[in-house]
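A quick write-up on the structure given underneath.
The values are calculated or read from the model by the stated rules, or taken from the named source; none is laboratory data. Note that the structure is a prediction, hence the values are computed from the model and not measured. We place every Cβ from the backbone using ideal geometry, glycine too, and count neighbours over all the protein chains shown.
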Amino acid sequence: MRFAISALSVLCIASAIGTIVPQASPDINYVNQFGAFWAEVFAAFDVFRVYNAPWFLVFMALMLISTTLCLIRNTPKMLREARAWPLHVRDRAFVAFRHRHENAVTNESQAVLSVQQATDWLKSHGYAIKNPVSNDASLPVLVAKKGAYNRLGYIFAHLAIVVISLGGLLDSEIPTRAAAWWWEKAPINLAGLNSAQEVPASAKMPQATPTYRANLLIPEGQTSDMAVINRPGGAFLLDLPFELTLKAFRVDYYSTGMPKLFASDVVLKDKTDGTLREATIEVNKPLIHRGVAIYQSSFDDGGSKLKLVAHPLSGPVRQLLPIELAVGQSLPLRSQDQTLALEVSGFKAINVENISDQEPIEDPFKKHAATVLSPAVNVTTTANQRNVGPSFNYKLRDTAGQAREFHSYMLPIDLDGAPVFLVGVRNSPDETFRYLRIPADEDGSLNEYMRLRVAMANPEVRQRAAEIFAQRSAPENLAPALASSAKRALDAVAEGGLEGLADLLEQTVPEAERDRASDVVVRMLTSAFWELWQLARVDAGLPRLEQNDTTLNFTQRALNAYSDSQIFGAPILVMLDGFDQVQASVFQVTRSPGKTTVYLGCLLLTLGIFAMLYIPERRVWVWRRVNGEGQVESVRVAASSTRHSLDFDREFQELSTHLKPH
């Protein structure tokens, strides 16, 4: 039994961990939450899938066996003790009882009357009575007991542990793994497969699968009868006993943009008899059909049609490429240098982010504000959740099959007091997105930045901008040298970003003078970049802008964004221009044969605890005390209870008063 208690303690701790830590989430979520090192450590101990971890199931099985053996060994003894009558307690034990009373009598008739009155009172209070007959005057003449089946509480409580453990094992992955082994099934990687027909029969589980928790995604207006059972290293495709059609998906939001209610209007068609059943599935309001429960889990995109615009990020070219693609589709993009496949992988119409101001960073070379190595928003300050509008995910895949994933927001977001477009990039799903922050112009568009980018890519425009800056900033005799320095600074940024300019300073300026030179070069670069912007506007037929806090701030942000775009790793920037949303509902489909067993175990546990706490076992003995001459001189009564309480004190006091003959 000690081992069972130890195993139960381990399971309780593990269950607490499983309740606190989200289970079966994508790996990147755990990396973001715990860090790469601890995420790997926790994964090694199956912390992210506690309830189906081998060690958890082993402990549960051992606890089941240990508790079962304990029940088999102790239940017959407890039942015998519950039925037994303590008839051989002698009156010399009277002084050992906490509850005892002795009433003096003068003759036999008073003694008989006292015993009879005690008998009547005990019967009226639910006691079972037995009057043993014996020639031994030291043995009781009356024995009473109540609550003898208090011991059933212990039996029910232990039996509940056995039943709940059995139900947990029935609902675990053990039956499904055993069925897969028996049917010679093996999970596969479903990524890249476009239909259920492409999945081999060895990865398809039949309708007779004993227990499962599967996921089912259905776009609006579509039907599915196959669900996915995720397994480490792959997945099974599960044949459901019905077809489910999603008529409509409805979602309501709070003012912050967080969803407060989502529900699915569905039509279920039974594969056996063709019965149709319409229902609405909401969170915590599942649809149950033939022992299979369909829960509303979440929602996703169902193939929304997106209107995209591709902006070149290299060369003195500004020609835009309009694209229309649905989520899940791809399109080859060819240029003189390479061919890339544009794959649209996701879309969200509403994004709730923690938006908060960040402190400006002064160092323009190593710590400039708009850095691709930073997250989209500041997550270390007080959260200010709000909806920042639509976003979509896409990948650019080269001919070798290597892909980088991008996350782009449709609308500019106010960060540090200015609107910026956020475009994130990562090399693998295990990484977090690193965001390029492109300043939005006064029209909320990318036009001004892209005009600047094209100008920076043109050496002739850089030369002209450097000359105009020099003419405006220095005397005529110093202008050529200043123009040359400004041109070198612009060229360095055009080729390698601010890091390239920092490398140039390290190569050409002594270390002792580098800090002072950096300040001078930064001011020169910013001013030359301003002239480059104005020159690009004039070439486009637009007037020069007045220098003020807003335009200068845009200049600095544009310079930082241009620098970061050098390490962005993509020749084009794809932005969302419009969309026709198609929503999909994500269901969790479960078959839980152990659920009823667990409910029965909970009922047994409730009855067991109630019996142990509220049905105390009470026993009463009555003796007739005889003197040396064989005459009765008193009637003694003693009582015991498995649980001391004030109620029992009052009850015994009342019994004592009934010993006196009336």
**Report entry** Extreme residue, farthest from the chain's Cα centre (by Cα), among residues of segment 18-65 that are more than 19 Å from I174 (Cβ to Cβ) and polar (S, T, N, Q)
**Finding:** N32
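Taking segment 576-597 as the search range and keeping residues that are of a type outside the set (G, A, S) and in contact with an Asp or Glu (Cβ under 8 Å, 6 or more places away or on another chain), which one is surrounded by the most Cβ atoms within 10 Å (Cβ to Cβ)?
Filtering first and then ranking leaves Q583.
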**Report entry** Subset of segment 457-478 [in contact (Cβ under 8 Å) with a residue 60 or more places away in the chain and either in contact with a strand residue (DSSP E or B) (Cβ under 7 Å, 6 or more places away or on another chain) or farther than 22 Å from F406 by Cβ (or both)]
**Finding:** N458, V461, R462, R464, A465, A466, I468, F469
Requested in this report: Could you tell me whether segment 315-330 includes any residue that is on the phi > 0 side of the Ramachandran plot and crowded, with 17+ Cβ neighbours inside 10 Å?
Outcome: no
**Report entry** Those helices (runs of 4 or more DSSP H) lying entirely in segment 1-101 with at least 3 residues in contact with a Phe, Trp or Tyr (Cβ under 8 Å, 6 or more places away or on another chain) and closer than 30 Å to E654 by Cα
**Finding:** none
Query raised in the report: Counting just the residues of segment 201-223 that are in a strand (DSSP E or B) and of a type in the set (D, E, K, R), which one comes out nearest to the chain's Cα centre (by Cα)?
Result: R213
**Report entry** The one condition in (1) in contact with a strand residue (DSSP E or B) (Cβ under 7 Å, 6 or more places away or on another chain); (2) modelled with pLDDT under 90; (3) within 30 Å of M612 (Cβ to Cβ) that G168 fails to fulfil
**Finding:** (1)
Requested in this report: Could you identify the single residue in R437, R451, R426, R462 that is farther than 25 Å from L490 by Cα and either basic (K, R) or modelled with pLDDT of 95 or more (or both)?
Outcome: R426
Report task. Taking F610 as the residue in question, decide whether it is assigned by TED's automatic domain parsing to the domain that holds P439, farther than 30 Å from E499 by Cα and not in a loop (DSSP other than H, G, I, E, B). Result -> no
Requested in this report: Quick one: C602 ticks every box in (1) in the same structural domain as H125 (by TED's automatic domain parsing); (2) assigned to a helix (DSSP H, G or I) except a single one, so which number is it?
Outcome: (1)
Report summary line: When restricted to L313, L342, the only residue modelled with pLDDT of 90 or more, outside the structural domain of A457 (by TED's automatic domain parsing), out of contact with any Asp or Glu (no Cβ under 9 Å at 6 or more places or on another chain) and not aromatic (F, W, Y) is L342
Requested in this report: Tell me, yes or no, whether segment 580-590 has at least one residue that is more than 30 Å from S134 (Cβ to Cβ), β-branched (V, I, T) and part of a loop (DSSP other than H, G, I, E, B).
Outcome: yes
Query raised in the report: Within segment 67-78, can one find any residue that is touching a helix residue (DSSP H, G or I) at 6+ places or on another chain (Cβ under 6 Å) and over 27 Å from S640 (Cα atoms)?
Result: yes
Query raised in the report: How many of the residues in segment 465-479 are surrounded by fewer than 16 Cβ atoms within 10 Å (Cβ to Cβ) and modelled with pLDDT of 90 or more?
Result: 1
Requested in this report: Say whether the condition of being on the phi > 0 side of the Ramachandran plot and either of a type in the set (A, V, I, L, M) or touching a strand residue (DSSP E or B) at 6+ places or on another chain (Cβ under 8 Å) (or both) is met by at least one residue in segment 101-116.
Outcome: no
Query raised in the report: Taking the condition assigned to a loop (DSSP other than H, G, I, E, B) and closer than 13 Å to V635 by Cβ, does T119 pass?
Result: no
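Would you check if A191 is of a type outside the set (D, E, K, R) and over 23 Å from Q23 (Cβ atoms)?
Criteria not met by A191.
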Query raised in the report: Within segment 432-452, can one find any residue that is touching a residue at least 40 places away in the same chain (Cβ under 8 Å), buried (at least 21 other Cβ atoms within 10 Å of the Cβ) and among the small types (G, A, S)?
Result: no
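Looking at K145, K185, K123, can you tell me which residue is buried (at least 18 other Cβ atoms within 10 Å of the Cβ), modelled with pLDDT of 90 or more and either touching a His at 6+ places or on another chain (Cβ under 7 Å) or not aliphatic (A, V, I, L, M) (or both)?
Of the residues listed, the single one that is buried (at least 18 other Cβ atoms within 10 Å of the Cβ), modelled with pLDDT of 90 or more and either touching a His at 6+ places or on another chain (Cβ under 7 Å) or not aliphatic (A, V, I, L, M) (or both) is K145.
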Report summary line: Of G424, G444, the only residue that is under 25 Å from N553 (Cα atoms), in a loop (DSSP other than H, G, I, E, B) and either in contact with a strand residue (DSSP E or B) (Cβ under 9 Å, 6 or more places away or on another chain) or aromatic (F, W, Y) (or both) is G444
Query raised in the report: Quick check: anything in segment 163-177 surrounded by 14 or more Cβ atoms within 10 Å (Cβ to Cβ), in the same structural domain as L244 (by TED's automatic domain parsing), under 25 Å from K271 (Cα atoms) and of a type in the set (S, T, N, Q)?
Result: yes
